[in-house]
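First up is the structure itself, then whatever we jot down about it.
Read-outs: derived from the displayed coordinates by stated rules, not from any lab. Keep in mind that what you see is a predicted model, and the values were worked out from it rather than measured.
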Amino acid sequence: MTASHSSSDTDYACNPKVTPLPDCSHHSMPDSDVSVKDNRDSNVQALSCHSQVDSTVLEQRIAIAKQTCQSQGIRFTPLREQVYRLILQAPTPIGAYDLLAQLQKLSDKTVAPPTVYRSLDFLLEYGFIHQLSSSKVFFPCCQPDDKHVAAFLICQQCGDVQEFSHSPLDSVIQQVASQSQFDIQSSVIELLGYCQQCKEKSATKRSIG
Ligand SMILES: [Zn+2]
Ligand SMILES: [Zn+2]
């Protein structure tokens with residue numbers, strides 16, 4: 001979690017206030033599943049934004065990251081950008097070893113793991129990406145310019161991760177923390193189960209078999 005996001009939440013694809021681009025999900029959801037209402041508290045929308053970000057969304061995210069860094073006087077180094085791009089482009093959440101291997105393929109020089117880990121720490125700290133505590137994989141945040149408690153629905157069958165934010169959970173957690181005078185440094189809420197597509201597939205298999 002980071003306390004450093006700006007509150008601007010206007011113009012990128014995955015904000016729950018606007019209809020997400022179809023590319024925000026690698027599943028083709030029925031229309032009713034992507035309808036989004038204005039009231040964040042009463043209508044929480046889970047988004048599969050970690051996967052198949054199209055080139056427009058990708059460049060928007062990079063621009064947001066650059067802007068955030070610039071406004072805070074932080075360097076968005078080429079390595080940080082490269083790591084972020086790879087995570088944005090990955091079709092599924094990606095682990096550190098796979099990232100290292102991909103970076104190595106892109107570079108003539110030996111890629112030093114500590115520098116990559118530092119880039120990952122940076123991206124996590126500024127809320128551009130999230131990491132699951134259960135499987136340690138990384139994926140892009142759906143709302144990198146808006147501070148939120150990160151909560152995830154994780155499919156145990158296909159590995160799909162959907163992020164939902166700005167749920168009533170945010171206010172409950174803030175309330176509990178403030179009552180205990182506790183400063184939250186990070187929070188990851190992970191709900192394990194089976195996604196709609198996997199449930200449908202297994203139902204079809206049962207009905208055929
Ligand atoms: Zn997020
Ligand atoms: Zn699934």
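Find the all-direction average of the projected area of the Cα convex hull for the range 165-209, expressing the result in square nanometres with one decimal place.
4.5
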The range 72-209: Rg to Rh, with Rh as the Kirkwood radius over Cα pairs: 1.05
Cα centroid of the range 153-209 to Cα centroid of the range 55-87, whole Å: 26
